[in-house]
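Visitor: I have a structure I would like to understand better, so I am pasting it below and will then ask my questions one at a time.
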Amino acid sequence: ICLVLSFYMMVLFFGVVFVVSKVPARAEPESQITLHAGEGRQDPQDPPEPIGPPPPQPIGRSELQGVSVGFIVHYLKTALTDFSAQHQIHLDNDKVEFEALRGYIWGDRPLDFMGNRQIRSDVDGQRGVSLVEIMREKPHFSKHLGRATFTLCWSWDQTVGQVLEMLEAYFQTVPGGLAGNFIWFSFFHLNHRLAGAPAFQLVADCDAALVSTQQLLVLLDNLGPAAVLRQKLPLWQIHLALQLGCEVAVALPPDVMQLCTDMSQNDAMALAQQLKTDWQAPSRYPGEEAQVGQMVRESGADGATLAQQVQQFLLQQLE
């Protein structure tokens with residue numbers, strides 16, 4: 001009897017195992033399936049994973065590009081000599097103002113500089129573009145462009161020599177030096193040939209560049225009647241930078257820096273006290289001045305008060 005019962009129990013056991021093995025496993029719902037990298041996508045609407053390293057991000061519009069400080073300093077020193085010889089004019093870096101240079105390049109009888117007469121403007125189809133547009137087109141120049149880290153606050157009444165000296169002296173003291181810093185410099189960035197456009201374009205693009213870089217470098221050419229403080233646009237730039245919470249740095253000519261170093265602290269402060277802003281100073285740039293004046297009124301500020309606040313700020317910086 002025991003043998004018969006054992007036989008039937010074995011038959012029953014193996015029969016159950018056989019039946020269970022033939023029953024298909026319950027499928028896991030699709031929403032619960034976990035996919036691993038390279039096996040597919042969880043959602044068919046998701047974009048595929050990129051293959052390889054991400055593409056480099058474009059620098060952006062020209063007003064967000066900067067020109068290498070090292071390129072500006074070294075190129076302008078030599079290029080103006082070649083420019084003078086090519087067109088048989090006399091240009092002394094220490095005497096020629098940027099306003100005169102603008103006239104030679106974009107004036108009524110423009111002369112070719114950096115090849116700007118070889119390219120037609122997208123705006124009106126005429127020959128003559130901004131220097132940055134030229135640099136973007138030519139590989140030997142484009143390598144000197146990068147994301148702008150500083151917006152330059154300067155004056156057309158400053159000489160080429162003054163601007164280059166202040167740029168070189170200042171950027172020798174900051175991280176990255178001359179080669180590692182890129183500035184938004186309206187002389188390079190705007191097409192000053194476009195009739196009627198520069199006044200509005202200059203002010204609007206200077207503001208946009210400041211918002212982008214969040215750093216303003218003021219080229220203070222003199223501790224007395226500085227050219228940069230007798231124009232409304234630089235005063236507006238400094239005011240706007242303070243309103244936006246941007247960093248504002250001041251660069252002085254090397255000879256002024258040396259003079260202050262050789263003086264006693266009291267004498268140096270007495271010299272700095274001669275610094276004056278002048279909102280009502282006569283201007284050689286009525287279109288630019290009118291545009292800035294309009295922006296100041298729209299902001300609810302008063303020009304004379306604004307200039308006074310800028311003067312107080314600069315005196316604090318010089319201390």
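The values are calculated or read from the model by the stated rules, or taken from the named source; none is laboratory data. Model, not experiment: these values are computed from the prediction. No Cβ is skipped: glycine too gets one built from the backbone with ideal geometry, and neighbour counts run over all protein chains shown. The area values use the complete protein model at the heavy-atom level, side chains included, leaving out ligands, DNA and RNA. Shrake-Rupley method; radii C 1.70, N 1.55, O 1.52, S 1.80 Å.
Visitor: For the stretch 105-151 and the stretch 67-95, what is the separation of their Cα centres, given in Å?
Guide: When both Cα centres are located, 16 Å separates them.
Visitor: Between R147 and L111, what is the label-to-label distance in nm when each label sits 7 Å out along the Cα-to-Cβ direction?
Guide: 3.9 nm
Visitor: Length gain on complete extension for the stretch T261 to H90, per 0.36 nm per residue less the alpha carbon to alpha carbon distance?
Guide: Taking 0.36 nm per residue and subtracting the Cα distance, the gain is 58.1 nm.
Visitor: Let me ask you something else. Taking the full set of protein chains and a 1.4 angstrom probe, give the accessible area of E137 in square angstrom, rounded to the nearest 10.
Guide: Taking all protein chains as shown, E137 has close to 130 Å².
Visitor: In whole percent, and with a 1.4 Å probe on the protein chains, what portion of the accessible area of the stretch 70-199 is carbon and sulfur?
Guide: Solvent-exposed carbon and sulfur of the stretch 70-199 make up 48 percent of the total.
Visitor: So how many Å³ per residue does the convex hull of the Cα atoms of the stretch 81-121 work out to?
Guide: Residue-normalised Cα hull volume stands at 77 Å³.
Visitor: For the stretch 200-319, report the translational diffusion coefficient in µm²/s to the nearest whole number, using Stokes-Einstein at 20 °C, 1.002 mPa s, and a Kirkwood Rh over Cα pairs.
Guide: The diffusion coefficient I find is 143 µm²/s.
Visitor: Between T173 and A79, what is the spin-label point distance in nm, taking each point 7 Å from the Cα along the Cα→C-beta axis?
Guide: 2.7 nm
Visitor: Place a label point 7 angstrom from the Cα of S121 along the Cα-to-Cβ direction, then list the residues of the stretch 131-161 whose backbone nitrogen is under 15 Å away.
Guide: 131-134
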